[in-house]
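Reading through the structure tokens given below for one structure.
The values are calculated or read from the model by the stated rules, or taken from the named source; none is laboratory data. All of these numbers come straight from a predicted model, not from anything done at the bench. For neighbour counting, all protein chains shown are included, and Cβ atoms are generated from backbone atoms with ideal geometry for every residue, glycine included. All accessible areas refer to the heavy atoms of the entire protein, side chains included, with ligands and DNA or RNA removed. Shrake-Rupley method; radii C 1.70, N 1.55, O 1.52, S 1.80 Å.
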Amino acid sequence: RRKILISTQVLPQSFLNRERAAQITKRKDFWPDESIFVSVASYRDPEIAKTVARAFERAADPDRVFFGIFQQNDESKDVDAVRGLAPLIQCPGHAACGRVRNGQIRIHRIAWKDTLGPTVARHLSETLYGNETYVISFDSHTNFAHGWDVIAIDMFKRINNPRAIVTTYPA
């Protein structure tokens, strides 16, 4: 049984009081055995590589973050979620380094002309799920708060309902 977190935007720190936010976002040892699967459907989005880089960079524990990306691109023109990381990060040292090799970025690519729409794309990105503890869905052009991973887990745990779904809609 998996726990589900669903969101279309970064979870706000305003849900937490300032002391709690400061406490949990600076420590990666909160819930060390729990992981988050980030489902992303990307249609020709030039921001996808930046989204992936920021997610790892701003996670309190990048080792817990796993991406499933269903990418619909024109290979000759559009930014690729993985190949587009190279100009954005410097390895070693950046939190996104090595994440493709160790299975933390899973990607399925199709030609943009063959897409079947956003609902099908979101479903297909979820097929890349690898039994992580939590599932969260983000847009391919998302910005992240520092410590977003522990904020999301903390928010879910404080609801104290294993069937809860945390959701938001951008204002």
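Whole Å is fine, so just give me how far the alpha carbon centre of the range 133-163 lies from that of the range 37-86.
Taking the Cα centre of the range 37-86 as reference, the centre of the range 133-163 is 17 Å away.
Considering only protein heavy atoms, what per residue accessible area in square angstrom results for the range 58-171 with a 1.4 angstrom probe? Mind showing how you got there, number by number?
Values: 6090 Å² over 114 residues.
I get 53 Å² per residue for the range 58-171.
Kindly provide log₁₀ I(q)/I(0) values, in the same order as q = 0.13, 0.20, 0.21 Å⁻¹, from the Debye equation applied to equal alpha-carbon scatterers of the range 21-153.
Reported log10 I(q)/I(0), two decimals: -0.51, -1.15, -1.26.
What does the highest-first list of 138-144, 62-68, 111-117 look like by mean Cβ count within 10 Å?
Peptide ranking by packing, descending: 62-68, 138-144, 111-117.
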